[in-house]
1. Residue pairs, Cβ under 6 Å, 6 or more apart or interchain, first in region 103-122 and within 24 Å of Lys92 (Cα to Cα), second outside any loop (DSSP other than H, G, I, E, B) and basic (Lys, Arg). List them.
2. Does Lys92 satisfy being under 24 Å from Gln16 (Cβ atoms), charged (D, E, K, R) and over 17 Å from the mean Cα position of the chain (by Cα)?
3. Looking only at region 70-97, count every residue that is polar (S, T, N, Q) and surrounded by 13 or more Cβ atoms within 10 Å (Cβ to Cβ) and tell me the total.
4. I'm checking my understanding of the structure. Among residues of region 71-94 that are in contact with a helix residue (DSSP H, G or I) (Cβ under 7 Å, 6 or more places away or on another chain) and touching a residue at least 60 places away in the same chain (Cβ under 8 Å), which one is farthest from Met1 (Cα to Cα)?
5. Output the residues belonging to region 46-70 that are without any contact (Cβ under 8 Å) to a residue 40 or more places away in the chain and in contact with an Asp or Glu (Cβ under 7 Å, 6 or more places away or on another chain).
6. When you go through (1) farther than 18 Å from Leu102 by Cβ; (2) touching a helix residue (DSSP H, G or I) at 6+ places or on another chain (Cβ under 8 Å); (3) at pLDDT 90 or above one by one for Lys18, which number turns out not to apply?
7. Restricting attention to region 98-131, report how many residues are under 21 Å from Lys62 (Cα atoms) and either at pLDDT below 95 or surrounded by 13 or more Cβ atoms within 10 Å (Cβ to Cβ) (or both).
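The values are calculated or read from the model by the stated rules, or taken from the named source; none is laboratory data. Predicted, not measured: the structure shown is a model, and the values here were computed from it. As a convention, Cβ positions derive from the backbone with ideal geometry for all residues, glycine included, and neighbour counts pool all protein chains shown.
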Amino acid sequence: MNKNDREKLKKVLMGQLKELQTDFNKEVPSLGTNSPLADINDQASLESERSFELRIKDRERKLISKVYEALKKIDEGTYGICESCGEAISVKRLMARPVTTLCINCKSEMEAEERREETILQTGGAANQMT
């Protein structure tokens, strides 16, 4: 990766960070509502909405952390190096997902392994239910 690519990716990450921080700092509207609702269905809907909004906030928090880590790696000169195999991550992949830490081959291999483990768990669980 050349210096121009690194600078371009740093700008992308900085923009993403600014946007995430703005969204993250917005108050979740339903969290301020503590008054009991007359209808149990309304209460259930509100709780479901709160749970969903909190999950989104948690995902934003995690992504902010990943962006900071990517920016730190740019400063250290280790950005764009696969954490699994040590090879360079393609600029095309970094442009698509600037916070990635794995090259496409290692990520594909990891996902395939996860699918194999999930299949084993599902078939193992079905076999245990038969006995």
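1. Correct list of pairs: Ile104/Arg93.
2. Yes: the conditions hold for Lys92.
3. Here the count works out to 2.
4. Leu71
5. Residues satisfying the conditions do not exist here.
6. That leaves (2) as the condition not met.
7. 7
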